[in-house]
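To start, the structure under review is shown below, and the notes come after it.
Values in this text are rule-based calculations from the coordinates and carry no lab data. Bear in mind the structure is a predicted one, so any value in this text is a computation, not a measurement. Methodologically, a virtual Cβ is constructed for each residue, glycine included, from the backbone with ideal geometry; neighbour enumeration extends over all protein chains shown.
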Amino acid sequence: MELILVNIIDGLVTGLLLFMLSAGLTLIFSMMGVLNFAHASFYMLGAYFAYQISLALGFWMGLLIAPLVVGVMGAGVERYGLRRVHQYGHVPELIFTFGLALLIEELVQFIWGKNQMPYDIPEVLNFTAFSIAGNSIPAYKIFMIFISVAIFIGLLYILTRTRVGMIIQAALSYPRTVEALGHNVPLIFMGVFGVGTALAGVAGVIAGPVLGTFPGMAFVLGSIVFVTIVIGGLGSLWGALVASLLIGWITTFAKSYNLAMSDILNGIGIVTPSDLEGNIFRDIWSVTSPQIADILPYILMVLILIFRPQGLFGKRHS
Amino acid sequence: MSQTDLPDPARPKEQITTDPSRASERLRAGGLTLTIGPWVIAAVLLAILPSIFTSNAALTIMNQMWITVVFALAYNMLLGQGGMLSFGHAVYAGVGGFACMHIMNASDFFASFPLPVLPIFGGLFGMGLALIVGSFSTRNAGTVFAMISLGVGELIAACSVIIVAFFGGEEGISGDRTYAMPFFGNEFLQQIDVYYLTSFWVLVSAVLMYLWSRTPVGRMANAVRDNPERAEFLGYSARWVRFFSFVASGFFAGIAGGLFAINYEILTEENLNTASSGVILLVTFLGGVGLFFRPIIGAIVFTLVQTVLSLQTELWAFYAGTLFVATVMFFPGGLAGLMMMHVPVFKLGKARLLILPYLKTLLPAAIGTLALCALVEMTFHVRHAASGDHEMTLFWTTFDSHTALPWIVAIAIAVVGLGIARMTAPALRDAWNEANTAGGAA
């Protein structure tokens with residue numbers, strides 16, 4: 001029972017972290033119809049910038065400045081890169097962001113090298129918040145949860161309750177009409193792209209110390225983020241939230257409970273073959289859930305795409 | 001450029017009717033005719049290249065190149081001909097390759113047929129996997145297809161560490177190609193023998209893929225790419241057209257995988273993962289999607305960049321990435337598209353007009369870019385070289401990277417070179433417009 005509670009908290013942290021990335025990505029998608037492959041790269045840039053700033057000014061200034069820098073870079077990418085490629089169609093846009101992701105990874109390796117950066121949790125938050133039956137929960141995890149929840153509420157408030165949010169929502173559905181009403185739609189697009197990447201930057205700043213700041217961090221998280229928004233339904237903010245939490249919990253639970261495939265197969269009445277060593281299916285029999293935890297999201301995505309192509313909460317059919 | 005769009009009295013209008021007695025127009029009608037010329041030239045080139053570049057390293061590079069050509073052409077069947085963007089195509093080549101490795105290791109069976117037949121098995125396995133995946137992934141093109149391909153790609157790449165029996169886990173699977181039945185007494189011990197085997201398969205697969213693009217289903221793939229709704233109204237199922245393209249592409253990707261297995265005699269997880277899939281996307285797009293032959297140029301350029309540049313600098317991937325992003329942004333037709341842009345100029349007989357402006361703009365631009373690369377290399381050296389190691393060699397000059405002089409020189413060359421290019425660019429644009437306009441003094 002206690003272990004379940006600990007896992008719920010761990011999964012919540014992972015899920016909310018994923019949500020910070022997928023929220024921006026899904027907003028950008030519903031606006032421009034393009035999946036930004038470089039989204040996780042901005043997350044990585046956030047972590048690296050925050051590390052560099054924290055060397056000089058400390059963690060908190062990093063948390064403040066790094067997302068701003070990342071957001072400005074994101075807006076620049078939209079203004080000078082994506083807008084140019086947009087005229088060629090969607091596939092070149094997708095390829096452009098893919099190339100950008102490769103380029104940013106190379107750039108990070110170029111500047112900071114291939115090793116992991118010593119970017120650590122700040123001293124103030126480096127203590128145990130509370131413990132559940134001997135399992136200590138670090139304060140930093142609680143801090144991560146608070147930051148993500150605050151961002152989610154803020155985002156929801158801005159999008160649904162403010163004038164700016166109304167204009168953004170209108171620009172999502174009827175960009176031409178909104179433009180005819182005198183709003184600068186390209187500027188709104190650029191702004192949303194900037195804010196989306198800045199959110200990814202925040203995620204990078206707070207995830208860097210726990211998940212490690214290294215050149216592969218974008219790649220590790222990047223494809224999971226796509227999986228998340230595809231499962232949630234492209235363009236749906238609520239879908240992104242639900243799918244993020246779902247994936248966070250599924251992977252956490254699969255990792256901490258050691259379920260073996262042989263037990264499951266035995267459970268449904270298939271008997272383990274006697275000469276397991278010589279059997280060509282021996283690897284399937286010996287699979288355990290921690291082994292496949294990282295590919296569970298992909299299996300889930302393929303299943304969702306086959307049976308419900310628009311995703312859990314998606315309305316539009318792309 | 002807009003002048004070229006105007007109706008041009010000097011050029012006859014594009015003929016609408018087709019005359020089947022002329023080879024070029026039979027092609028337009030979708031007939032299965034092959035213009036022999038280019039293929040003969042390609043075959044002769046393939047045959048004589050090893051006599052020009054005799055070293056073993058050159059043979060290895062060329063083998064790598066031809067394998068990439070087959071793979072890029074197969075990939076272009078999806079991206080270029082069918083409009084399907086796949087982020088996991090390495091999987092089909094990889095699985096084909098792994099299957100070939102297993103056949104190589106099944107000694108009794110392997111000894112019963114000659115080695116040149118092996119890639120067919122790779123193709124069949126690639127096709128088999130494509131049949132399974134394609135049955136659900138080709139329902140949609142566009143983003144959904146791209147996402148499924150990514151998901152399936154990641155899934156199979158991740159399986160390589162779990163299903164050890166087939167993928168061999170971390171260390172992969174290795175074999176020995178010489179156990180095959182001797183082919184006219186040849187056991188493929190030498191690199192040159194493998195080269196001719198690869199060349200043969202490149203030619204055969206390229207011809208087959210070209211013919212495929214000429215069949216009705218190949219033509220329909222283009223129609224479905226451009227306007228699936230309209231194709232459906234004409235009575236074709238967009239889904240099945242995509243499915244056939246996908247399966248055929250899987251077959252040829254598998255052949256590329258089989259050739260890889262024969263060449264390197266080892267396959268690992270690296271042949272399956274997203275990075276390899278990304279590389280083939282990069283290669284295809286660099287050459288240019290759309291027209292059939294374009295990815296060949298991409299494959300050749302990329303392999304050269306990869307093998308030659310990576311000997312010179314650690315940063316080759318950075319340059320390749322920059323080249324790729326620049327291509328997507330400025331030349332969506334790819335390198336081949338850039339070349340094709342000059343065809344009208346040559347047809348008008350005005351290519352001479354462009355030589356001088358090109359020299360004036362591109363030469364300084366190239367020098368300026370090289371100076372930029374030098375700056376990048378120097379920065380890299382200062383940041384990452386072992387401490388105390390201040391000497392570096394760049395463009396055949398050895399200097400101390402921690403002194404100001406080389407930096408000043410490089411910055412000066414970059415500024416001057418790019419500055420001249422910027423100044424002469426308007427003249428080039430004028431010359432380009434002039435060269436593309438019919439009539440006037442040539």
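Sites listed here are chymotrypsin sites (Phe, Trp or Tyr not before Pro) in the stretch A:100-153 whose DSSP assignment is loop and whose Cβ has at most 16 other Cβ atoms within 10 Å: A:F127.
Computed from backbone phi with θ = phi - 60° and the Karplus coefficients 6.51, -1.76 and 1.60, the 3J(HN,Hα) list for the stretch B:142-156 is x, 5, 4, 4, 4, 5, 4, 4, 5, x, 5, x, 4, 4, 6 Hz; x is used for glycine and proline.
In chain A, helical runs assigned H by DSSP with n ≥ 4 each contribute -39500 (n - 2.57); averaged across all residues and rounded to the nearest 500, the mean residue ellipticity at 222 nm is -23500 deg cm²/dmol. Among A:L172, B:G134, A:N36, which residue has its Cα furthest toward the positive end of the charge dipole of the protein assembly as shown, with +1 on Lys/Arg Cβ and -1 on Asp/Glu Cβ? Result: A:L172, furthest along the dipole toward the positive end. State whether chain B is rounded, prolate or oblate according to the following rule on the C-alpha gyration tensor (a ≥ b ≥ c being the square roots of its eigenvalues): a/c under 1.5 gives rounded; otherwise a/b larger than b/c gives prolate, and the remaining case gives oblate. Oblate, because a/c is 1.5 or more while a/b does not exceed b/c.
Couplings 3J(HN,Hα) for the stretch B:46-57, derived from phi with the Karplus relation 6.51 cos²θ - 1.76 cosθ + 1.60 (θ = phi - 60°), are 4, 6, 8, 4, x, 7, 8, 9, 8, 5, 5, 4 Hz, where x marks Gly and Pro. Among the DSSP helices (H) of chain A, those spanning at least 30 angstrom by Cα along their long axis with an average Kyte-Doolittle hydropathy of -0.5 or more are A:2-32, A:90-112, A:139-161, A:185-211; this is a geometric and hydropathy rule only. In order along the stretch B:252-265, the Karplus-derived 3J(HN,Hα) couplings, from 6.51 cos²θ - 1.76 cosθ + 1.60 at θ = phi - 60°, round to 6, 4, x, 4, 4, x, x, 4, 4, 4, 5, 5, 9, 6 Hz, and Gly and Pro are given as x.
Within the stretch A:68-171, which trypsin sites (Lys or Arg not before Pro) sit in a loop by DSSP and count at most 13 neighbouring Cβ atoms inside 10 Å? Listed in order of number, the matching sites are A:K114.
Cα gyration tensor of the protein assembly as shown, axes a ≥ b ≥ c as square roots of the eigenvalues: rounded (a/c below 1.5), prolate (a/b > b/c) or oblate? In terms of gyration-tensor shape, rounded. Highest GNM mean-square fluctuation, chain B, Cα pairs closer than 10 Å: which of B:A366, B:A43, B:A275? Taking springs between Cα atoms under 10 Å, the residue moving most is B:A366. Put simply, the amide H of A:I132, placed in the peptide plane, has neighbours under 5 Å in A:I137, leaving out anything fewer than 5 places away on its chain. Quick one: Cα centre-to-centre distance for the stretch B:131-187 and the stretch B:259-337, in angstrom? Spelled out, the Cα-based centre of one part sits 20 Å from the other. Classify the stretch B:343-435 from the C-alpha gyration tensor, please: rounded if a/c falls under 1.5, else prolate or oblate depending on whether a/b exceeds b/c. Judged from the Cα gyration tensor, the stretch B:343-435 comes out prolate (a/c at least 1.5, a/b above b/c).
Among the chymotrypsin sites (Phe, Trp or Tyr not before Pro) in the stretch B:104-193, those placed in a DSSP loop whose Cβ has at most 15 other Cβ atoms within 10 Å are B:F184.
Note on chain B: helix-only mean residue ellipticity at 222 nm, from DSSP H runs of 4+ residues weighted -39500 (n - 2.57) and normalised by residue number, equals -22000 deg cm²/dmol. Note on A:L125 and B:L304: their simple-model spin labels are 5.1 nm apart, each label 7 Å out from Cα toward Cβ. The GNM of chain A, with springs linking C-alpha atoms under 10 angstrom apart, assigns the highest mean-square fluctuation among A:L187, A:L237, A:L172 to A:L187.
Under 5 Å between amide hydrogens, built in the peptide plane, is the criterion, and for A:Y119 it picks out A:T213 among residues at least 5 positions away or on other chains. Just checking the listed ones, A:I284, A:I304, A:I132: in the Gaussian network model of chain A with Cα springs under 10 Å, the one fluctuating most is A:I284. Around the amide H of B:L394, modelled in the peptide plane, lie the amide H atoms of B:F399, all under 5 Å away and 5 or more residues distant in sequence or on another chain.
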